[in-house]
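Since the structure comes first, as structure tokens, the remarks are kept for the end.
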Amino acid sequence: MKKGIISLSFFASLATASMADDINKEMFEQIQILKSKIEALEKQINQQKSIKKSNPLINEKRIVKIEKKLNKVSKKANLAKAQSSGDNLKWNVDFRTQINNLQYKLGNGKKVKNEALMTNRLWLGMKYKADDNSMFYGTLSYNKLYGENSSNSSNNSNFDWVTNESATNDNEIKLKEAYWLYKNDTFLGSDIPWTASVGRRPSTDGLAINYRADQKRKSALAHTVNVEFDGASVKFDTENLTGLEGSWVKVCAGRGLTNSKLRFTSDGLDYTKDSTTQNIDMAGLIAVPYDNGQYSVHMNYAKSWNLIGNEDYNSNGKLDTNEQAFKDFGDIEYFTTMFKVDGIGDGISDYLDETIFFASYAQSKTNPDAGKKMLGSNSSQTGHSFWLGVNAPCPISPDDSKIGIEWNKGSKYWRPMTYAEDTMAGSKIAARGTAWEIYRHQQLTKALSFGMSYLYIDYDYTGSNGFFGDFGTPIDSNSSSASNAVKSAQDIKAYMRYKF
């Protein structure tokens, strides 16, 4: 990611240039100047042609030279017009500097902490609307700890102090999202608006997470799915079909892991199937049966195949510390239903009109492959989770700040797909236990905002943030076998954020 900073800096400068009003004004002035030049040249050519008719001895080379100059000026005018009229890629910036205070308490009573973990996160968003039916969206991402990580320094050429001054052999830049979206007001002649999309999915920061993240929601319901994915979706607005206000359905499918060999394999079978792994695919249905803008119901069902994990124990049941390779363990199914109120009551008070409340219930159900265990069990196991949240104006400054409080409770075998949840202490949604979070966001200027939060997780069982093999086995946090596991976690954070 280190060299990618150069590219990101370039894109950031491009973003500023494409959006600035003074640039558009300058382009307009250039067009007017070039337009006057073109008119003068056209007038000159017409005069020369008129003279030529009356005088056959006129200099042909002079006319050719003037025509070439006219073509050159016309091309510049067209370029300036295209740039100033908005026919270009639009960029936006979301830059966050954050500090976290992390504290963990282990089952044996030991405490581990990091008092000041600092990070920079940059998202460069891009969009382009070629016509009324098709759009492109993308996000480039940079998310890094302050300074160099000593455990990651292999040599001085890669040292973070000289990232942009030394030549390296990597060319990495992270792509968070990239997809096209097609929309139409009719489907096969019926009055059913619909959309279709393919690419790197907007599958993180979905509904419910978006409130404490202080941003617009993305596609998924965050209670069960919050992970980056490549895939496709088709959405149908069904209000005209069902008569249910604001109703719609969306079918999604994607791939999280590909069982393909890479280029230059030793057997020469580039990009053929790799027998040691399976494709990890996910498909699901998101449905909103009712949404009148104030009261809404959101549901989803999803299934993922060939989930991976580590196997700590060999065939003899003994601990195998050398076994670190991911293996396939089985499938998992998810179900979520969420009720949301955007404005409590009907004109009771301005404060309640701006208050949001949601309640969500989710299930996860494992389906282990024959002879294998998922979450420590070779039988299908169902996990449950509850999530309640309130987001309201801050009483101190209700016009420019929001406060929120959330509560999560997960059962022994609860295991969502929330690996990308943006918390330094691990996914609170995945907690097999109880989690509390309180936060506050404040808008300081049009672009600059400040936020802070407190998160506490009390684990009833271990493995909440693990994968689907032995590391994900739920063990009672009070048992002696969990003495080295995290019993509770605390994360206090504050950030400054710039968005435009």
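Overview of results
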| read-out | value |
| --- | --- |
| Any hit, region 438-460, residues being touching a Pro at 6+ places or on another chain (Cβ under 7 Å) and closer than 30 Å to K373 by Cα | no |
| Complete set of residues in region 90-112 that are loosely packed, with under 12 Cβ neighbours inside 10 Å and within 28 Å of A494 (Cα to Cα) | G109, K110, K111, V112 |
| Members of region 168-199 that are over 17 Å from N133 (Cα atoms), in a strand (DSSP E or B) and among the aliphatic types (A, V, I, L, M) | L175, A178 |
| Candidate set: region 328-378, residues that are small (G, A, S) and under 23 Å from N279 (Cβ atoms); chosen: the one surrounded by the most Cβ atoms within 10 Å (Cβ to Cβ) | S364 |
| Of all residues making up region 368-399, the number that are among the charged types (D, E, K, R) and at pLDDT 95 or above | 0 |
| Counted residues, region 242-254 - those being surrounded by 15 or more Cβ atoms within 10 Å (Cβ to Cβ) and out of contact with any Ser or Thr (no Cβ under 8 Å at 6 or more places or on another chain) | 0 |
| Criterion (within 24 Å of Y104 (Cβ to Cβ) and within 22 Å of the chain's Cα centre (by Cα)) met by exactly one of G410, G426, G376, G389 | G426 |
| Exclusive hit being modelled with pLDDT of 95 or more and either farther than 30 Å from W305 by Cα or among the hydroxyl-bearing types (S, T, Y) (or both), set Y419, Y351, Y361 | Y361 |
| Given (1) closer than 23 Å to N210 by Cβ; (2) touching a helix residue (DSSP H, G or I) at 6+ places or on another chain (Cβ under 9 Å); (3) surrounded by 19 or more Cβ atoms within 10 Å (Cβ to Cβ), number of the condition S449 does not satisfy | (2) |
| Any chance A232 is in contact (Cβ under 8 Å) with a residue 12 or more places away in the chain, among the aliphatic types (A, V, I, L, M), in contact with a Gly (Cβ under 8 Å, 6 or more places away or on another chain) and part of a strand (DSSP E or B) | yes |
| Lone unmet requirement of (1) within 23 Å of the chain's Cα centre (by Cα); (2) at positive phi for F358 | (2) |
| Enumeration of residues in region 389-399 that are exposed (fewer than 15 other Cβ atoms within 10 Å of the Cβ) and out of contact with any Pro (no Cβ under 9 Å at 6 or more places or on another chain) | P395, I396, S397, P398 |
| Strands (runs of 3 or more DSSP E) (entirely within region 372-484) containing at least 3 residues that are in contact (Cβ under 8 Å) with a residue 24 or more places away in the chain and under 22 Å from A220 (Cα atoms) | 382-393, 401-410 |
| Some residue of region 69-89 being at pLDDT 70 or above, in a loop (DSSP other than H, G, I, E, B) and either of a type outside the set (V, I, T) or at negative phi (or both) | yes |
| Restricting region 263-294 to residues that are small (G, A, S) and under 28 Å from G309 (Cβ atoms), the residue that is farthest from the chain's Cα centre (by Cα) | S266 |
| Output for region 184-213, where each listed residue is small (G, A, S) and closer than 30 Å to Q442 by Cβ | S203, G206, A208, A213 |
| Per-region count, region 255-267, residues part of a loop (DSSP other than H, G, I, E, B) and either surrounded by 18 or more Cβ atoms within 10 Å (Cβ to Cβ) or on the phi > 0 side of the Ramachandran plot (or both) | 2 |
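Results for (1) under 24 Å from K127 (Cβ atoms); (2) assigned to a strand (DSSP E or B); (3) in contact (Cβ under 8 Å) with a residue 12 or more places away in the chain, shown as yes or no for each residue.
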residue	(1), (2), (3)
T204	yes, no, yes
K218	yes, no, yes
V249	no, yes, yes
L269	no, no, no
A283	no, yes, yes
I286	yes, yes, yes
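The values are calculated or read from the model by the stated rules, or taken from the named source; none is laboratory data. Quantities reported herein were computed from a predicted structural model and do not represent experimental measurements. So basically every Cβ, Gly included, is an ideal-geometry build from the backbone, and we count neighbours across all protein chains shown.
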